[in-house]
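Heads up, the thing below is written out as structure tokens.
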Amino acid sequence: MVDVVFTGGRVFTGTSAEPVEAAVAVEDGRIVRIGAPIPARETVDLKGGLLVAGFQDAHVHPVFAGLQMGNCDLSGEHSVEGYLAVVATYTTGDTWITGGGWSMDVFPGGTPTRQLLDQVTGERPALLTNRDGHGAWANTAALRLAGIDASTPDPFDGRIEREPGGHPAGTLHEGAMDLVARHVPPPTGDEMYEGLLRGQRHLFGMGVTGWQDAMVGAYPGQPDNLPAYLRAAGEGTLQARVVGALWWDRERGLEQIPELAERRTTKNRFAATTVKMMLDGVAENFTAAMLEPYLDGCGCPTSNSGLSFVDPEMTREAVQRLDALGFQIHFHALGDRAVRQALDAVEHARRTNGANDNRHHLAHLQVVHPDDIGRFARAGAAANMQPLWASHEKQMDELTIPFLGPERAAQQYPFGDLARAGARLVAGSDWSVSSPNPLWGIHVAVNRSFPSDENPFYPDQALTLAQALTAYTAGSAWVNHLDDVTGTVQVGKRADLVVLDRDPFAAPPSEIGATEVVRTYVDGRLVYERKATA
């Protein structure tokens with residue numbers, strides 16, 4: 001008699017493109033049989049739903065998302081009035097108002113003003129990051145406390161939005177956020193730890209049983225989150241399987257490599273074995289690194305091609321040295337110039353060091369030049385997708401496409417081309433930037449639109465349901481070096497499993513997004529169960 005048997009539905013094993021009719025038996029945390037039902041201490045009736053391997057998020061920020069959930073969280077609103085109402089009722093703490101989650105498309109030009117925030121904050125300083133984490137909204141009190149005025153220059157890796165006359169307008173892009181963030185009292189170690197556990201609970205509810213934290217270390221405006229992971233790993237409260245990407249400080253150079261090597265650690269379910277290099281910004285604020293300049297509102301080329309946060313030659317040398325030390329590199333590469341810069345560095349490392357199993361990957365890939373599509377497979381670099389972004393929304397239609405132009409806009413999120421060229425696809429959410437719900441991401445990857453939108457976003461780049469589901473399971477398990485442990489439903493693998501309330505393979509693709517997680521298991525132990533509805 002085994003511990004548990006899942007029966008009454010189909011199983012997507014991840015080893016073929018279609019689910020199979022079978023029962024799955026689990027004993028001592030491992031899958032021991034796939035076939036006919038056998039006696040068990042517990043039988044889970046799938047009720048016609050689908051059993052899949054636990055989802056894994058290849059690019060996520062659960063500690064900071066968990067902190068935001070406990071601070072002034074604007075992510076549940078989508079209007080100026082809604083944001084101001086949340087801020088006005090936020091009374092936690094006695095000094096700064098911190099949090100975030102606002103969307104750029106709510107404000108003209110994507111840039112909220114200090115005067116708007118002043119209406120509800122008064123003299124209490126406030127700094128609220130936007131949903132993508134690449135910009136912040138500051139009030140007058142915060143700007144004054146930080147000493148930012150018309151004479152303050154833009155940092156090398158950011159920009160201050162300004163009023164006529166040069167005074168800061170209230171929106172800070174990229175590295176300019178740190179001009180204020182450095183004055184904000186940092187969260188305590190206990191608060192970071194609670195943020196991690198809060199984030200873990202939320203991810204379990206989405207069926208996510210493992211992830212790669214794309215930013216482990218001290219980052220402008222945030223303290224080091226590595227101690228929170230080590231504490232949770234040591235106390236046994238970290239139940240998910242996690243890889244941490246150690247932050248590459250873009251204000252420093254090669255001298256930080258020995259420090260990164262010292263910080264590399266493996267403890268129970270946590271492994272800090274990756275280095276995160278953020279090469280550029282985002283397209284909406286014109287900081288994503290592009291091969292050709294952005295356009296202006298009239299469709300004419302500007303002098304701005306975005307920002308390169310790390311010099312290309314530095315990137316090549318650093319990646320080669322880190323690769324030789326056995327580190328995996330996790331690139332933030334959003335613009336086509338940043339994508340090319342990352343691929344150049346990976347290819348240089350491979351020529352210099354030889355092929356290895358470090359499994360480097362490029363995240364976001366908003367614009368990829370057609371000449372670089374085939375290079376992913378040749379370089380052995382995985383394409384780390386955030387599929388939820390490949391859709392029409394105001395931020396895309398009003399703040400991005402007009403400034404890229406039609407030809408370059410059509411090169412956005414080319415998941416289909418990457419798959420056809422043999423690239424390995426892995427998937428994540430970038431939560432708290434966007435929802436961590438893998439089923440919504442899978443819906444958009446297949447339909448190239450949200451469930452409520454019938455206007456597909458460059459539909460020739462759509463994936464099949466099997467491709468998208470595999471990217472969120474076996475693909476991300478591979479990039480986390482966990483493919484021998486989980487990611488597929490196979491005998492001998494750990495029983496990290498998710499029960500879905502329906503079989504999306506048996507319904508039209510337009511209904512994928514309605515699928516919900518009923519139960520989540522890690523090592524055969526139930527870590528989430530959907531509450532019964534009346």
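Does the range 59-72 contain at least one residue that is within 33 Å of the chain's Cα centre (by Cα), polar (S, T, N, Q) and modelled with pLDDT under 95?
So the first thing to find is which residues in the range 59-72 are within 33 Å of the chain's Cα centre (by Cα), and the list is 59-72.
Restricting the remaining residues to those that are polar (S, T, N, Q) gives 68, 71.
Checking the rest, the ones that are also modelled with pLDDT under 95 come to 68, 71.
Looking through the range 59-72, at least one residue is within 33 Å of the chain's Cα centre (by Cα), polar (S, T, N, Q) and modelled with pLDDT under 95.
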Here the residues within the range 227-265 that are loosely packed, with under 12 Cβ neighbours inside 10 Å and part of a strand (DSSP E or B) are none
Hey, any hits in the range 153-168 for a residue that's basic (Lys, Arg) and either in contact with a Gly (Cβ under 6 Å, 6 or more places away or on another chain) or at pLDDT 95 or above (or both)? yes
Among (1) part of a helix (DSSP H, G or I); (2) touching a residue at least 40 places away in the same chain (Cβ under 8 Å); (3) farther than 28 Å from residue 412 by Cα, there is one condition residue 273 misses while meeting the rest; what is its number? (1)
Find all pairs meeting these conditions: Cβ atoms under 8 angstrom apart; at least six residues apart or on different chains; first residue within the range 415-441 and closer than 18 Å to residue 53 by Cβ; second residue in a helix (DSSP H, G or I) and polar (S, T, N, Q). 425/467; 425/470; 426/476; 427/476; 428/476
Unique match (being in contact with a Pro (Cβ under 9 Å, 6 or more places away or on another chain) and on the phi < 0 side of the Ramachandran plot) among 237, 266, 209, 302: 302
Among the strands (runs of 3 or more DSSP E) contained in the range 417-534, which hold 3 or more residues that are buried (at least 22 other Cβ atoms within 10 Å of the Cβ)? 425-427, 497-500, 517-522
Residue under evaluation residue 214, criteria (1) aliphatic (A, V, I, L, M); (2) in contact with a helix residue (DSSP H, G or I) (Cβ under 6 Å, 6 or more places away or on another chain); (3) more than 22 Å from residue 521 (Cβ to Cβ); (4) at pLDDT 95 or above, criterion not met: (2)
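Determine whether the range 70-77 contains at least one residue that is of a type in the set (A, V, I, L, M, F, W, C), free of Cβ contacts under 8 Å to residues at least 24 places away in the same chain and surrounded by 17 or more Cβ atoms within 10 Å (Cβ to Cβ).
As a first pass, look at the range 70-77 and keep what is of a type in the set (A, V, I, L, M, F, W, C): 72, 74.
Retained after the next criterion (residues that are free of Cβ contacts under 8 Å to residues at least 24 places away in the same chain): none.
No; the residues of the range 70-77 include none that is of a type in the set (A, V, I, L, M, F, W, C), free of Cβ contacts under 8 Å to residues at least 24 places away in the same chain and surrounded by 17 or more Cβ atoms within 10 Å (Cβ to Cβ).
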Count of the range 2-20 residues which are without any contact (Cβ under 8 Å) to a residue 60 or more places away in the chain and closer than 11 Å to residue 46 by Cβ: 3
Of (1) surrounded by fewer than 17 Cβ atoms within 10 Å (Cβ to Cβ); (2) part of a helix (DSSP H, G or I); (3) not hydrophobic (A, V, I, L, M, F, W, C), residue 340 satisfies every one except (1)
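Residues of the range 367-379 being touching a residue at least 40 places away in the same chain (Cβ under 8 Å) and either among the acidic types (Asp, Glu) or surrounded by fewer than 24 Cβ atoms within 10 Å (Cβ to Cβ) (or both), which ones?
At the first step, the residues of the range 367-379 found to be touching a residue at least 40 places away in the same chain (Cβ under 8 Å) are 367-370, 373-374, 376-377.
Result: 369, 370, 373, 374, 377.
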Can you tell me which residue in the range 248-307 is farthest from the chain's Cα centre (by Cα), limited to those that are within 23 Å of residue 211 (Cα to Cα) and among the acidic types (Asp, Glu)? 262
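Only one of 462, 474 is assigned by TED's automatic domain parsing to the domain that holds residue 203, in contact with a strand residue (DSSP E or B) (Cβ under 8 Å, 6 or more places away or on another chain) and modelled with pLDDT of 95 or more; which? Let's see the steps before the verdict.
Values: 462 fails: in contact with a strand residue (DSSP E or B) (Cβ under 8 Å, 6 or more places away or on another chain).
474 is the lone residue from the list that is assigned by TED's automatic domain parsing to the domain that holds residue 203, in contact with a strand residue (DSSP E or B) (Cβ under 8 Å, 6 or more places away or on another chain) and modelled with pLDDT of 95 or more.
The values are calculated or read from the model by the stated rules, or taken from the named source; none is laboratory data. Predicted model only: the values in this text are computed from it and were never measured. When we count neighbours, we look across all protein chains shown, and the Cβ atoms used for this are built from the backbone with ideal geometry, even at glycine.
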